[in-house]
Every structure is written in structure tokens, then in C-alpha cells.
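Structure first, then comments.
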Amino acid sequence: MALIAPSVLSANFLQLSADIKMINESEADWFHLDVMDGRFVPNISFGLPVIAAIKKEATKTLDVHLMIEEPGKFAEDFKKAGADILSVHVEACPHLHRNIQQIKSLQMKAGVAINPHTPVQAIFDVLHDIDVVCMMSVNPGFGGQKFIAYTIEKIKQLKAEIIRRNTQTLIEIDGGVTLENAKEIIDAGADVLVAGNTVFASANPAETIRQLKAL
């Protein structure tokens, strides 16, 4: 059974407290929080004050995805804001192993995110240090995009390597996840589904989460 991580970027920020309460009371497992700096990706989302505010009301894991340049400069700040899992992009980290160790030294779970064009082999040598691989299945920076079909093959490749190396690394899929394609994604080997528009644009977000969780 996959973990479900609603993406708060798709929530209604005028009623964020209500959406947090909905996630708390739903069958969701994590809050997925996308931080964008306008440099690594062509968009700006939210940062430390919003995460700190969410932390005060959230009763579930805060899964923070940094789509930013030089993430090592801010790791400690995100820990203080309430991050439980901190994911950095392989493309933004020339010294990725150092970044992973920094996150773990701050008592957070370490995630590594990879863009659609990045081969999964790029992170094989650090798999044993990674708690979560956040595989982007759309181009990062904007919600509401269509799932990139080749991601299924990448999931299978990564799952096979995780099994071969006998690590406990979770595969998280971020972007374009719907009720229609979620089962194929899970069957390929995904452990965590990030769902934004699919949850928050539905008439009954909690029921949509329940349906995803039941797959």
C-alpha cells in the first residue's frame, strides 16, 4: 500500500488551515511541501514562515522538497521550521554526498530528487544513504502538468537497483499523479505518491485521498 502525500502547493492558501485539517483527518500519510526559489526552477512558491506555520497544525510527516540552488545553506533553517524529510535535487548539488550527510546530521530523513531528464543511475552510488528518492514525473516548477510516461521505466530501473543493493530507500513520484494512472505507478515500484491537483481540485479531497490509498 503506497503512502499518499498531498501537495500543499495546490491547496487554497486563503483557507490553508482548513486544508491542513482535512489532510490531518484524512488517510494521507505525509504533507508534501514544495519550496521554489525562482532560480533552480522558473517559479517561486513559499518558504520557511509558511512551513513553520503548517508545522503548528500538522499532525503528520512534513516532506519538504527543495527546488532551490545551494540547498545546503538552508538545511538547518528547514529543520528548525519543522521538516521531517528534506529532499534536495541531485542537479543542484555538486557535492551530493555531503548534502545527504548534512541532512542526516540534523536528524531529518534525507531525500534526493531527480528531474525527468536525469538518469536514475546518477544516484546509484548514494542509494544506501538515501531514505527517499523523489522522482519528478513532470518538469519541476509548476503544478497541473501531465505525467511523463517514460517515468514508469525509470521507476522500474530504480526499484531493481534498490532490491539489488538491499536498501530501504522509498521511491516517491511527484507530478501528474491521478486516480487513472496511480495503480500503474505503484505496480512499477513506487512507494509514495505526491498528489496536488488530483486531491485539491476534486469535489471531495478526503475521498480522493482515500481512493488513492486503496489502490
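The values are calculated or read from the model by the stated rules, or taken from the named source; none is laboratory data. No experiment lies behind these values; they were computed from the predicted model shown. Here Cβ is always computed from backbone atoms with ideal geometry, including for glycine, and neighbour counts include all displayed protein chains.
All conditions in (1) touching a residue at least 12 places away in the same chain (Cβ under 8 Å); (2) within 30 Å of residue 13 (Cα to Cα) hold for residue 202, with the sole exception of (1).
Mind telling me which of the residues 26, 7 ends up being within 22 Å of residue 77 (Cα to Cα), surrounded by 17 or more Cβ atoms within 10 Å (Cβ to Cβ) and of a type in the set (Ser, Thr, Tyr)?
Values: 26 fails: within 22 Å of residue 77 (Cα to Cα).
Sole residue among the options that is within 22 Å of residue 77 (Cα to Cα), surrounded by 17 or more Cβ atoms within 10 Å (Cβ to Cβ) and of a type in the set (Ser, Thr, Tyr): 7.
Is one or more of the residues making up segment 174-187 touching a strand residue (DSSP E or B) at 6+ places or on another chain (Cβ under 7 Å) and in a helix (DSSP H, G or I)? Before the answer, list the steps.
Narrowing segment 174-187 to residues touching a strand residue (DSSP E or B) at 6+ places or on another chain (Cβ under 7 Å): 174-175, 177, 182, 185.
When the remaining residues are screened for being in a helix (DSSP H, G or I), the result is 182, 185.
There is at least one residue in segment 174-187 that is touching a strand residue (DSSP E or B) at 6+ places or on another chain (Cβ under 7 Å) and in a helix (DSSP H, G or I).
A Cβ distance below 8 Å, combined with a sequence gap of six or more or placement on separate chains, defines the contacts here; from segment 66-83, residues that are within 17 Å of residue 40 (Cβ to Cβ) reach residues that are part of a helix (DSSP H, G or I) and of a type in the set (S, T, N, Q) in the pairs 71/99; 72/99; 72/102; 75/99; 75/102.
Residue 69 fulfils the conditions (1) closer than 27 Å to residue 176 by Cβ; (2) out of contact with any Leu (no Cβ under 9 Å at 6 or more places or on another chain); (3) assigned to a helix (DSSP H, G or I) except for a single criterion, (3). Against the condition closer than 24 Å to residue 59 by Cα, surrounded by fewer than 21 Cβ atoms within 10 Å (Cβ to Cβ) and at pLDDT 95 or above, how does residue 159 come out, does it pass? No, not satisfied.
Among the residues of segment 142-173, just one is assigned to a loop (DSSP other than H, G, I, E, B) and either touching a Cys at 6+ places or on another chain (Cβ under 7 Å) or of a type in the set (D, E, K, R) (or both), namely 146. Inspection of segment 1-10 identifies no residue that is within 17 Å of the chain's Cα centre (by Cα), at pLDDT 95 or above and at positive phi. Within segment 48-59, is there a residue that is in contact with a Ser or Thr (Cβ under 7 Å, 6 or more places away or on another chain) and farther than 17 Å from residue 197 by Cα? Yes, because at least one residue in segment 48-59 is in contact with a Ser or Thr (Cβ under 7 Å, 6 or more places away or on another chain) and farther than 17 Å from residue 197 by Cα.
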